[in-house]
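The structure under discussion appears below in the form of structure tokens.
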Amino acid sequence: MEKKIYEKPAITKHHSGFMNKFGSSPVTTPKSEVDGVSVNAIADQYGSPVFVLSERRIRENFRNTLRTFKTRYPKVQYAWSYKTNYLNAVCSIFHQEGSWAEVVSEFEYDRARKLGIPGKYIIFNGPDKSEQALLKAIEDGAKIHVDHFDELYKIIELSEKTEKKPQLAIRVNMDTGIYPKWDRFGFNYENGEAMEALRRIVMQPTLKLIGLHTHIGTYMMSAEAYRIAARKMVVLANELFTKYETKLDYIDMGGGFPSNNTLKGQYLQAEQVLPTIEDFADAVTSELFRISYHGSDMPTLILESGRSLIDDAGFLISTIIANKRLSDGKKATIMDGGVNILFTSFWYKHKISPAQPTGLSTENSTIYGPLCMNIDVLREDIVLPNLKVGDRVVIHHVGAYNMTQWMQFITLRPNIVMVMEDGTTELIRESEDLEYIMSREKLPAKLSEFKL
Amino acid sequence: MTAFAVPSNLAVSENGFLFVPTSGETFTLNKLGISIFKLMQKGADTEEIIDALLEEYDIDKTTLEKDFTDFVNQLKHHNLIEEK
Amino acid sequence: MKVAVTGLNNIDSPGPGVPVIRGLKDSGKFDGTIIGLVYDSLEPGMYMDNVSDRNYLIPYPSSGLEELYSRIEYVNEKEGIDVLIPTLDSELYSFTKLAPRLAEIGIKTFLPTTENLNMRAKDKLFDFCQAHDIKAPKNILASSVQDLYKISSEFNYPVAVKGIFYDAYICNNFDEAKTAFHKISHKWGLPIIIQEFIKGEEYNICALGDGTGETIGAVAMKKLYITDNGKGWAGISLKDDPLMKLSDKIISALKWKSGTELEFVKEKSSNQYYLLEINPRFPAWVYLSVAAGQNLPYALLELAQGKKVEKFENYEVGKIFIRYSWDLITDVSKFEEIAVKGELVNKPE
């Protein structure tokens, strides 16, 4: 006799306000593959946990976004935000697509140069640029975005000694009606500091002013803020033109477009409340057309959004270690991927899907990582079907920041795999081993021996 | 083996709806939950229930035992059964 | 004709679903089926006589667009919905985003646009008012308790502490504001809006905009009795020309599409109206508009079907609504139907 399909026995208490399971329709559709490659096969081959990036999704995201802006404004250039994900394989995809590099430290600058990006295609942002880094950037003809007056005066000083003219833009901060205001980076618009910095650059014969830059925030939920930002940038550009007859090569609107991850404090899902990329493009480009010089002289629009281009191309495959009941009867599930490699779980409610079809009954659970640390919580409340020890799950939208902000803590950082457009998989960063971690350490001689 | 005491006034409907007249609480059980609950009411002990389910369902004994223990703990947590 | 309506939760802080349905039925022109879409197995509307014919549980807005769409699609396959009227704030973003897909499966809606929703959002309302020369109380957006320290430097206690969707408390000092901040943020997320408290009488308007800037109808009401949590328990229809003009101006500036409730306070010393809130749906007291001569729910149903609707020119002042509570008795078997199967049939097809 054919045996019946098993499903874990379950009982749910009705609480008004929590009972809503709307009949018995499955809540969680399984994510069993990434671009046609089986999740289980990837984990079997590369271990668990393992990060997976989709080449196809990265390229699609990039092309869609670029097209959206290009159909609204004639000159658009992307610069890949290295800090979002600076794995060589990732950067190279963006560079193949025509992106420049946007770096915020000497480390990132050196990475870009080493990858073969000529200085003139590197945008050098950030508040900390050492004299040595600045000299390199000036020599290479990189686009230096000045953050504060101390830096500007340092560059002026250097420019009097270097042969090449530093290519400068300034970063501008401003009130765009959003909260919190990002006024710690760059020169303020409202109090006239930005115009003063621009005047100083224009007046200095050893410097070349090429652009304006702003970056109004991160995970921005309002397209309107970009409209205001673009408007203020155009006011500066027009004033530069009227007062000093200076035309700009570009206006860099930075990044900050959100991905479809839902923030912890957010009641609705991200996809329900976030503006679309079209909304952002409309807001930015409609204002740029107010620039007082047109035609071929119009400044190029530079964009540096990172998160929205790569977050949904990244997945973390993880394996169930154990299920348990907490003292109040609530279900808890422990997985092998923790907050040490998934930094973004501190602020996102990451979507988690089982990697295989499951039964219909679901239960509200807390998801813990494997660390022996109380903070290692991936989701406080998530309704998931019953998962057995050894089952795999896929955590979605993890492509941004996790692979640059992850920590090596009590365990080793895992493999990162890329699913290529042709359906093959490539290891793009090998998991760490004990040798690699210990090789940087020096043990003082007097500490090298002990007897227990 | 452990048998279970299920109060005689508890009845689970075909839909898996369970109303506790003494507390006013209501619950939903899934299909396997219904089967187990009914076996318990008939007086079956742990071994008999596990055997019956192994016979009927496509499942290994370890997984079933783990799930069964979890289910029993939840029933106890909700004061629906007592172990005899 | 089958019309699906949400918000059958006419509890102490009631959703507008039941009065909307009552309006449709009282029009004398509606001869169709009402499908109740409910979030909870205990929403009273589906247990009441002669309100909804069949009811379906739908997933909470926080569970995501796809979950909601597939549930509506399921209900539509069973029922064939002609028009869907959502009536709750927190679900409007979802339904507005889904509207084109719903239209594809034959479900008509008459919803505010995303732009409408964004412009009136509680955290953006002040900017809208400034841009259109409408008086409004000042506000602070708070994302953390830290931000509450700004209150004393920006304006004086008492202040209104409000959630982005629901909930509001009047707070007289920092400690009360802090408690309210935690209460609201726990339930409805961030940011929290801290609003200057304007002393004066409150006036509300229930209105319907056609999306071109035209007001199809608008009825003003003053609350006569307010419950502990600020809900009107009784109210009277009235008309004050400056208030009605202000309402028309707001609807025109927003090109508001769908039903709305505008909340004002008439400042004591200046006698000026301040706009407190624009709610993106009919209020729970919408039936007063029907009683006063403007059947706005039925007009919305007609607009949703693409019909031309004449503008209401007048209404009766001095109509009073008084809400009352009444214990409806039902059996556990009815509760079982909705709790286990997610569907409750009052009247079979």
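We did not get these values from a lab; they are worked out from the coordinates using the rules stated. All figures in this text were calculated on a predicted structure; none of them were measured in a lab. In this analysis, Cβ positions are derived from the backbone assuming ideal geometry, glycine residues included, and neighbour counts consider all displayed protein chains.
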Simple spin-label estimate for C:Met244 and C:Lys187 in nanometres, 7 Å along Cα-Cβ: 3.6
Cα-based Rg / Dmax (Å) for the range C:196-345: 17.9, 58
Expected 222 nm ellipticity per residue - DSSP helices of 4 or more, -39500 (n - 2.57), all of chain A, to 500: -8000 deg cm²/dmol
Residue mean of other protein chain beta carbons inside 10 Å, C:330-343: 5
Positive-pole candidate from C:Pro158, C:Leu88, C:Ile170, dipole of the range C:47-201, charges at beta carbon: C:Pro158
Simple Cβ-charge dipole of the range C:138-196, Lys/Arg +1 and Asp/Glu -1, about Cα centre, in debye nearest 20: 120
Neighbour-count ranking [beta-carbon atoms within 10 angstrom, fewest first] of A:Tyr250, A:Tyr153: A:Tyr153, A:Tyr250
Positive-pole candidate from C:Leu208, C:Thr114, C:Ser269, dipole of chain C, charges at beta carbon: C:Ser269
When each of A:Lys70/A:Lys143; C:Lys199/C:Lys231; A:Lys324/C:Lys97; C:Lys29/C:Lys124 is checked by Cα-Cα distance, pairs over 28 Å: A:Lys324/C:Lys97; C:Lys29/C:Lys124
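With N set to the residue count of chain B, report its C-alpha Rg divided by 2.2 N^0.38 Å to two decimal places.
1.05
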Chain A - charge dipole about Cα centre, Lys and Arg +1 at Cβ, Asp and Glu -1, debye rounded to 20: 680
Chain C: angle of helix C:174-188 to the longest principal axis, Cα-based, in degrees nearest 10: 20
Selection from A:Phe149, A:Gly47, B:Pro7, by position along the positive dipole direction of the protein assembly as shown (Cβ): A:Phe149
Under the span-like rule (Cα at least 18 Å along the axis, Kyte-Doolittle mean at least -1.0), DSSP H helices of chain A: A:223-244
Burial ranking of peptide ranges C:314-322, C:61-69, A:98-106 (average Cβ count within 10 Å, highest at the top): A:98-106, C:61-69, C:314-322
Hull-based mean projected area of chain A, where the convex hull spans the alpha carbons, in square nanometres: 30.0
FRET efficiency, 1/(1 + (r/R0)^6) with R0 35 Å, evaluated for A:Gln45 and A:Cys372 via beta carbons: 0.80
Packing-based exposure ordering (other Cβ within 10 Å, fewest first) of A:Ser54, C:Ser94: A:Ser54, C:Ser94
Distribution of pairwise C-alpha distances over chain C, 10 Å bins, in %: 5, 25, 34, 25, 10, 1, 0
For peptides A:433-442, A:313-322, A:37-46, sequence by mean Cβ density within 10 Å, most packed first: A:313-322, A:37-46, A:433-442
Ranking of C:Ile140, A:Ile428 by count of other Cβ atoms within 10 Å, fewest first: A:Ile428, C:Ile140
19 Å reach of a label modelled at C:Lys29, 7 Å along Cα-to-Cβ, counting backbone N of the range C:66-107: C:82-85
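Taking beta carbons within 10 Å but only from partner chains, what does the mean come to for residues B:25-38?
Mean partner-chain Cβ count within 10 Å for B:25-38: 6.
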Structure-based [θ]222 nm, chain C - -39500 (n - 2.57) summed over DSSP H runs of at least 4, per residue, nearest 500: -9000 deg cm²/dmol
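Only four residue types carry charge here, +1 at the Cβ of Lys and Arg and -1 at the Cβ of Asp and Glu. Report the dipole size of the range B:4-83 about the Cα centre in Debye, rounded to the nearest 20.
With Lys and Arg at +1 and Asp and Glu at -1, about 360 debye.
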Peptide A:241-251, shielding by other chains (average Cβ, 10 Å cutoff): 0
Per principal axis, descending, Cα span of the protein assembly as shown in whole Å: 93, 87, 51
Principal-axis tilt of helix C:89-104 within chain C, Cα atoms, nearest 10 degrees: 40
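R0 = 56 Å: FRET efficiency of B:Glu82 with C:Ser143, Cβ-based, nearest 0.05?
Efficiency computed from Cβ-Cβ geometry: 0.65.
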Volume in Å³ per residue [convex hull over Cα atoms, computed for the range C:138-196]: 60
